[in-house]
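First the structure, in the form of structure tokens, and then the observations on it.
The values are calculated or read from the model by the stated rules, or taken from the named source; none is laboratory data. In this text the structure is predicted, and so the values were computed from the model without any measurement. Here Cβ is always computed from backbone atoms with ideal geometry, including for glycine, and neighbour counts include all displayed protein chains.
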Amino acid sequence: MLVTLEGLDGSGKTTVRAALEERFPDATFTREPTNSWYGDAVYRSIEDDDADPLAELFLYTADHADHLSRVIEPALERGDLVISDRYSDSRFAYQGATLEAWSNRHTGGKRRLEDPLEYVVDVHEPISIVPDLTIYLDVDPETAAARAGATNKFERAEYLESVRANYERLIERDSDRFVRIDATRDPDDVLERVEGAVYTALEAE
Ligand SMILES: Nc1ncnc2c1ncn2[C@@H]1O[C@H](COP(=O)(O)OP(=O)(O)OP(=O)(O)O)[C@@H](O)[C@H]1O
Ligand SMILES: Cc1cn([C@H]2C[C@H](O)[C@@H](COP(=O)(O)O)O2)c(=O)[nH]c1=O
């Protein structure tokens, strides 16, 4: 079973993941961006304020393709519970937002991408694996940016506002897959709810 943790920067994914590692010691824990050289390239792009948004999408997607073949698929074939800190929905929400601004800048009378989020979803559709459960740690953009420390171009409340709107679109279209958890609550309370969602999904399997 593939479980993904999603949410804005600073929503608490790393905190939750650390606790889940203790609760599910036999599971395969992983993350995107990965620790491969593809992931290194992604981190270079994150640090580059002038990175081309389309090039950035495909860097993240290359990292995802490698992640699928090197980690996710073998672990699922072994029958592992796989828990990934960020996955495709991060691309749909974040690059959907970046490409929205990019599409507006390149008007010349016509937007380059009519619906950037759908474009990113379509890129993934033939190549990716849809998670069985996605836990969405829901936090407002101001809290997210403050918690994350606003250390890179993505960790600004204004940008995170449009990322959050994209997550809402994704939840609306795929409500059976997502479990929304209020991540402004006490960390122990958040963790209890996350564990509950994972156990419920495992029981239903
Ligand atoms: N429920 C919570 N309430 C208050 N603070 C929290 C909560 N969860 C996490 N934090 C704190 O917020 C900060 C960011 O948490 P964390 O690193 O887990 O988030 P993240 O989603 O992994 O962030 P990023 O996406 O930027 O890596 C940390 O200082 C953490 O201790
Ligand atoms: C996977 C993925 C990530 N991002 C963004 C979100 C964060 O700002 C950074 C790094 O992630 P971290 O969890 O904070 O280390 O990258 C993105 O824009 N698109 C993606 O697909």
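Can you tell which of ASP40, ASP26, ASP52, ASP48 is at pLDDT 95 or above and within 21 Å of ALA145 (Cα to Cα)?
Only one candidate passes the filter, namely ASP48.
Let's see how each residue does on (1) among the aromatic types (Phe, Trp, Tyr); (2) on the phi < 0 side of the Ramachandran plot; (3) within 19 Å of the chain's Cα centre (by Cα):
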position	(1), (2), (3)
GLY79	no, no, no
SER84	no, yes, yes
GLY96	no, yes, yes
GLU100	no, yes, yes
SER103	no, yes, no
VAL120	no, yes, yes
PRO131	no, yes, yes
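Name the residue, out of ARG17, ARG70, ARG91, that is of a type in the set (Lys, Arg) and either assigned to a loop (DSSP other than H, G, I, E, B) or more than 16 Å from ligand 1 (Cβ to nearest atom) (or both).
Values: ARG17 fails: either assigned to a loop (DSSP other than H, G, I, E, B) or more than 16 Å from ligand 1 (Cβ to nearest atom) (or both); ARG91 fails: either assigned to a loop (DSSP other than H, G, I, E, B) or more than 16 Å from ligand 1 (Cβ to nearest atom) (or both).
On inspection, the qualifying residue turns out to be ARG70.
Hey, could you check segment 155-204 for residues that are more than 16 Å from ligand 2 (Cβ to nearest atom) and assigned to a loop (DSSP other than H, G, I, E, B) and say which is surrounded by the fewest Cβ atoms within 10 Å (Cβ to Cβ)?
Selected residue: ASP176.
Given the criterion farther than 22 Å from GLU161 by Cα, touching a strand residue (DSSP E or B) at 6+ places or on another chain (Cβ under 6 Å) and not acidic (Asp, Glu), identify the matching residue among THR4, THR34, THR28.
After applying the criteria, what remains is THR28.
So which of THR34, THR15 ends up being touching an Asp or Glu at 6+ places or on another chain (Cβ under 6 Å), within 13 Å of ligand 2 (Cβ to nearest atom), polar (S, T, N, Q) and within 14 Å of ASP85 (Cα to Cα)?
None of the others qualify; the one that does is THR34.
Restricting the search to segment 121-154, which residues are under 28 Å from ASP66 (Cβ atoms), in a helix (DSSP H, G or I) and hydrophobic (A, V, I, L, M, F, W, C)?
VAL121, VAL123, ALA144, ALA148
Scan segment 121-135 and tell me whether some residue there is in contact with a helix residue (DSSP H, G or I) (Cβ under 8 Å, 6 or more places away or on another chain), among the charged types (D, E, K, R) and buried (at least 18 other Cβ atoms within 10 Å of the Cβ).
no
Looking at GLU22, GLU47, GLU32, GLU56 in this structure, which one is surrounded by 13 or more Cβ atoms within 10 Å (Cβ to Cβ) and within 16 Å of ligand 1 (Cβ to nearest atom)? Please lay out each step first, then the result.
Values: GLU22 fails: surrounded by 13 or more Cβ atoms within 10 Å (Cβ to Cβ); GLU47 fails: surrounded by 13 or more Cβ atoms within 10 Å (Cβ to Cβ); GLU56 fails: within 16 Å of ligand 1 (Cβ to nearest atom).
From the options GLU22, GLU47, GLU32, GLU56, the qualifying one is GLU32.
How about segment 186-200: which of its residues are within 23 Å of ALA93 (Cα to Cα) and near ligand 1 (Cβ under 10 Å from one of its atoms)?
VAL190
For THR98, only one of the following conditions fails: (1) away from ligand 2 (no atom under 16 Å from the Cβ); (2) assigned to a helix (DSSP H, G or I); (3) touching a residue at least 40 places away in the same chain (Cβ under 8 Å). What is its number?
Just one mismatch for THR98, condition (1).
Are any residues in segment 118-163 closer than 18 Å to ALA101 by Cβ and of a type in the set (Asp, Glu), and if so, which ones?
GLU118, GLU155, GLU158, GLU161
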